[in-house]
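A quick write-up on the structure given underneath.
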Amino acid sequence: MRAMVWNCQSAGSPLTIPHLKEVNSLLSLNMIFLSETKNKTKYMEKVKRILNYDNCYVVEAMNRARDMYLMWNEETKVKDIKNLPFTIEVLIEDEKEKQEWKRIDSLKQQLMKEKSSKIEGRKERVAVLKNQLVGAYKEEEQYWRRRKRNKIGNLQREDGSWTKDDKEIAEEIARYYKHLFKATRTEGIEEVLEGIHVTVTDQINTNLTRPVEENEIKVTVFSMNPNKAPMPDGMTPLFFQKFWPTIKEDVVKAIKAFFQSGRMLKSLYHTIISHILKVDLPTDLKQYRPISLCLSSVLKNATRQGSISGLRISKHGLAITHLFFADDMLIFCKAVGAETRKLREILDYKNTKERDREESCEPLAGVKTVNQGKYLGLPMVITRTKGQVFAYIKDSIKAILHSWKNKFLSAAGKEVMLKAVTMAMPNYAMSYFKLPGTLCKEITGLMAKYWWGETEGKSKVHWCSWDRMMKAKMDGGLGFRNLQCFNKVLLGKQIWRMIRFLNLLVSKILKAKYYPKESMLNCKIPKNSFWFWQSVMSAREVVKGGVLKRVRAGKAIRI
């Protein structure tokens, strides 16, 4: 739910209503609370109609002061309203929110009871309840932030007008993509098609066009994850799998009819539209737009023609021209005039609107050199001082440990927090790089200090070594991970992944550079190799200890 609270100092001001309309259009507010409106109920009813709200609650002014006005739409389920001298209390029905407010209300009652209690230890219990109440309010705030971010509340059309409801949002999305994927002119389409290789053979085409059989449909239905891809009605593949004997006749008939006629009932292809946000508080669909896939084809074609050289990390390796991510794109070319002009030409393709062309090409006018920083959560440049490069991990852990109230947690609570949160924070970086041993020890020291606690800024006595605490519980320890060993395990998974999946881009590139004619498990490790490769190879002996070679034809066996 989105709500706004505003002390407007007279709703009759000529700027108040336009400002409310603008904010409401931008944020799609479910509820607005206004104080000091200094106007009668009749005028505020008019404001409600202008802003397209369905319900309102008015507390009229006493001597032109203390007046309050609340309005909300029909989607907001208001169960009860009470007004006090200075506030309006509203009870809103929401399943998730209902649970949160029950918890908050329960904590408030316990807090009031403890404050009036005279039993020994009252101060400590009150402090614990206050801390829990603060946590409950934070969780409730995060819940509403997620809901606000995960819903398209309003969209601005090209003519500047705004959608008013979900129906108009759906119509605008359909209109936008229909226009986006409709060919206006075909100049330059040959260049795109040249980069697309024919992969569907006559045999594949024959198999694709033959009549669909019942067994194929069943295999497809049962190959789906039972709990994934729910329809808007909430039905997951589990429903179709569990009740297949009952519904198979209707399902098979509908699918066969689609392949024969090429038509499908609208109710069957209703879907949930999901977009990736590129800015906070997006206002139009352009700010959700995915990357154009035809760009990949044009870049490949330019590489074959020699217009763009791409990035090559070895003499005989692949040349990388571009990498596409969910909402991001990296293009590689030489910093020379001819290649940058070609890149600008590709981005300035003819079917793009003038406004889009300007935004696509604008960054090329001021290219900056990047020496440090992070990209996708990992350092872009690894220097010799690895401790400084990865120091951000220790700083993050230190900050989160400092934010936890040590004295309010039991030993079990500390164990859960350290294992579930703190020890998980380095995992992403440890999956790709070997962290320095000193850094791992410093992180372990921070966790040990938090575990044993401190008094007046001084650490308490550590009654047990951390090495003993890292042992399994059955061996008398607490099961904390050894960060350096776990780092090797994660890097070993990368080795196993590249051995199994030879067609991965990273597998092809590293093989061409470091082990073109031999096995990854036996190749030499150059001293000047990338830190990623040195990190991965540091776990090679661990992988060798658990790998068995299966003898088949015997061609790869050295005698």
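Exposure check, 1.4 Å probe, all protein chains in place: residue 381 carries approximately 50 Å² of accessible surface. In a fully extended conformation the segment linking residue 19 and residue 264 would gain 83.6 nm over its present Cα-Cα distance, using 0.36 nm per residue.
Checking the cross-link pairs 374/471; 77/138; 77/123; 79/118; 182/374; 419/493 against a 29 Å limit on the alpha carbon distance flags 374/471; 77/123; 79/118; 182/374 as lying beyond it. Probing with 1.4 Å while keeping every protein chain in the model, the per residue accessible area of region 372-512 equals 60 Å². Only sites in a loop by DSSP and with at most 13 other Cβ atoms within 10 Å count here; which chymotrypsin sites (Phe, Trp or Tyr not before Pro) in region 426-465 make the cut? Of the chymotrypsin sites (Phe, Trp or Tyr not before Pro), the ones in loops of region 426-465 whose Cβ has at most 13 other Cβ atoms within 10 Å are 463.
What's the carbon and sulfur percent of region 438-559's accessible surface, probe 1.4 angstrom, rounded to a whole number?
It is 55 percent, rounded to a whole number.
The values are calculated or read from the model by the stated rules, or taken from the named source; none is laboratory data. The structure displayed is predicted, hence computed values, not measured ones. Note that we place each Cβ from the backbone using ideal geometry, even for glycine, and neighbour counts take in every protein chain shown. Please note that ligands, DNA and RNA were not included when accessible areas were found on the heavy atoms of the full protein model with its side chains. Shrake-Rupley method; radii C 1.70, N 1.55, O 1.52, S 1.80 Å.
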